[in-house]
Amino acid sequence: MTQATDGFEPSKTIERNIGLELVRVTEAAALNSARYMGYGDKIAVDDAAVQAMRGALEGVDMDGIVVIGEGEKDEAPMLYIGERVGNGAMPELDVAVDPVDGTTLLSLGLPGAIAVVATSERGTMYQAPPGVYYMQKIAVGPAARGVIDINAPVAENLRRVAQARACAVSDIVVTVLDRERHADLKRDIRAAGARIKLIRDGDVMAAIEAAMEDYPGVDVYMGIGGAPEAVLAASALKCLGGEMQTKVWPRTPAERAQLTSAGIDLERVFMLDDLVSGQNVSFAATGITTGDMLRGVEFVGGGARTNSVMMRSRSGTVRYVTAHHRWAQKFIPVSEG
Ligand code: VTB
């Protein structure tokens, strides 16, 4: 018996959701790297995550090219920019990875480290030109879409976000990376009357938390963070219906001169679609150390539990996946390069 539901066509074949496979990829990275939590070794956590993520990606039905990865080929043995990943089957995709966002957090056993992967149609993810490491960012959820302007003063943005959310500026919480470069930003946020959540690392999740309506803890993410993390966060925000704007941010006057002479427009505002223009974007993240939104890997007798979030832009579906892994029946495919 078929049941008629508004807008639902029972005869249509259900579309593949690659995000379900991407969750297995981020789970593998999380499970393998969580073993090294608290050893103070950033290289070890990253290597463990990269090897497992690379191994798990091999089984995904796609012809993927790493667009956001571990670096250039000569400096990264695996998941380097330009590497082909997946088993070569259709579709052709751009792949953005951050095997551990928050290697310092994980190496110290601090909250908030995650494993992240996003995919989008081939050629639709922004690839920062050489020398571009940082971006100034502002991110909000669907309720405040269309009201932010990265070039407007901080107080003006907060006033508009508050208005869009029908609340007072003093109700707003802004997440900011705890860095000296944010001294003025923190001052401006406080002067406007909003409140601040400082984080040590991990601004992909910071942008997601700001954009998630079922995560009411924070409303805005602002500040300067990594350029690769901007593309990963943008992938998630496309699925969530949020908004993000970024600009290339040179660290020093020398870097500014260098970027300008390389023809990079430092005034260009990157909207969400400039960072990820695809129409079928998928995103998955697994908690490694317990953060505000995702619990980390918990090793239990004979196995482990993981918590992940996955989303897809076409349907807007957001899934939380709690997985129970049993070592007796499972292995983590690890790529040796
Ligand atoms: C952020 C954050 C990362 O780097 O993008 C940040 O998401 C960039 O700033 O987790 P810093 O270079 O000052 O750290 C991390 O904190 C680490 O990669």
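List of remarks:
- Positive-pole candidate from Ala234, Ala144, Val248, dipole of the chain, charges at beta carbon: Ala144
- For the stretch 136-212, the Cβ-based charge dipole about the Cα centre amounts to some 120 debye (Lys, Arg positive; Asp, Glu negative; other atoms uncharged).
- Average projection, convex hull of the Cα set of the stretch 134-275: 7.8 square nanometres.
- Its relative contact order, with pairs defined as Cα atoms under 8 Å and 6+ residues apart, puts the chain at 21 percent.
- Net charge of Cβ neighbours under 12 Å - reference His182; Lys, Arg +1; Asp, Glu -1: +1
- Debye, to nearest 20: dipole size of the stretch 134-275, +1 on Lys, Arg Cβ, -1 on Asp, Glu Cβ: 340 debye
- Summed residue charge, Cβ within 15 Å of Glu298's Cβ, Lys/Arg positive, Asp/Glu negative: +3
- Only Cα pairs under 8 Å and 6+ residues apart enter the sum, and on that basis the relative contact order of the stretch 134-275 stands at 33 percent.
- In terms of other Cβ atoms within 10 Å, Tyr126, Tyr133 run from fewest to most in the order Tyr133, Tyr126.
- Inter-probe distance in nm under a simple model that places probes 7 Å from Cα toward Cβ, at Asp265 and Tyr39: 4.7 nm
- From largest to smallest, the equivalent ellipsoid semi-axes obtained for the stretch 251-337 from the alpha-carbon gyration tensor read 39, 19, 14 Å.
- Between Glu72 and Asp273, the C-beta separation translates, for a Förster distance of 22 Å, into a calculated FRET efficiency of about 0.25.
- Estimated FRET transfer efficiency when R0 is 45 angstrom, pair Thr322-Asp184 (beta carbons, to 0.05): 0.65
- On Cα atoms only, tilt of 154-164 relative to the major axis of the chain in degrees: 70 degrees
- Computed from Cα atoms, the angle from the helix 183-192 axis to the main principal axis of the chain rounds to 70 degrees.
- Remark: the chain carries a charge dipole of roughly 740 debye about the Cα centre, counting +1 on each Lys and Arg Cβ and -1 on each Asp and Glu Cβ.
- Three principal axis lengths of the chain [C-alpha, angstrom, descending]: 56, 56, 42
- 25 Å Cα-Cα threshold exceeded, pairs from Lys42/Lys247; Lys42/Lys73; Lys73/Lys238; Lys73/Lys330; Lys73/Lys197; Lys42/Lys238: Lys42/Lys247; Lys73/Lys238; Lys73/Lys330; Lys73/Lys197; Lys42/Lys238
- Given their separation in residues at 0.36 nm each and the Cα-Cα distance between them, Thr13 and Glu58 gain 13.6 nm when the chain is fully extended.
- Charge dipole (the stretch 134-275, unit charges on Cβ, about Cα centre) - positive-most of Ile189, Ala257, Cys167: Ile189
Computed from the coordinates by the stated procedures, all read-outs in this text should not be read as laboratory data. What you see is a predicted model; the values in this text were computed from it and never measured. Glycine also receives a Cβ, built like all others from the backbone with ideal geometry; neighbour counts cover every protein chain displayed.
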